[in-house]
Structures are given as structure tokens and as C-alpha cells.
Amino acid sequence: MKIIVDRQRCDGNGVCMGIAPEVFDVDDDLYLHVAESIPDDPELRARVRQSITSCPILALKLVED
């Protein structure tokens, strides 16, 4: 599982961070940071998928391994 961020679109609103803070973090400059690896935890992976589909500006994309 890999997360692609469209930096042109992402405005750092933090919706993804609110759903999966273990994976997403928005800094003070509204820059989104994504964890390098995502643990093989079914609940966390489900929340990552929810984060991606909840992005209001569609700036996130998921690539499955």
C-alpha cells in the first residue's frame, strides 16, 4: 500500500489526518507528511482508505502492493 499525494492540489486541510493520524500529519505550513510505511493492520488500512476517499479535493491516491 502506497499513498500518492498530488502536491498541486493538497491544501493541507487535515481531513486525512483526522481519520488516520498514524499515517498523515499536516505541519504548521499546511504541508502534508505521509508515513513511509503503513503497518499491516486491517483497521488502520481501512481508515487510510477512508482518508483517501474523504479528501475533499481528491489530492490523495492509493496504490496497492
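The values are calculated or read from the model by the stated rules, or taken from the named source; none is laboratory data. Computed from a prediction, not measured in an experiment: that's the story for all the values here. Ideal geometry is used to build each Cβ from the backbone, glycine not excepted, and the neighbour counts take in all protein chains shown. Areas reflect the complete protein model, heavy atoms only, side chains present, ligands, DNA and RNA absent. Shrake-Rupley method; radii C 1.70, N 1.55, O 1.52, S 1.80 Å.
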Which value results when the Cα radius of gyration for the chain is divided by 2.2 N^0.38 Å?
1.00
Asp41-Asn13 FRET efficiency (beta carbon distance; Förster radius 25 Å; 0.05 resolution):
0.50
Using a 1.4 Å probe on the protein chains only, how many percent of the accessible area of the chain belongs to carbon and sulfur?
50
Along the Cα-to-Cβ line of Arg49, 7 Å from the Cα, sits a label point; which residues in region 1-15 have backbone N less than 17 Å from it?
1-4
Roll a 1.4 Å probe over the protein chains and send me the accessible area per residue for the chain in Å².
66
On a 0 to 90 degree scale, rounded to 10, what angle separates helix 42-54 from the longest Cα axis of the chain?
30
The chain, dipole about Cα centre (Lys/Arg Cβ +1, Asp/Glu Cβ -1), debye to the nearest 20:
340
Along the Cα→Cβ direction, 7 angstrom out, place labels at Lys61 and Tyr31. What is the inter-label distance in nm?
2.2
Mind checking which of Met17, Ala35, Ser54 is farthest towards the positive end of the chain's charge dipole, using Cβ charges of +1 (Lys, Arg) and -1 (Asp, Glu) about the Cα centre?
Ser54
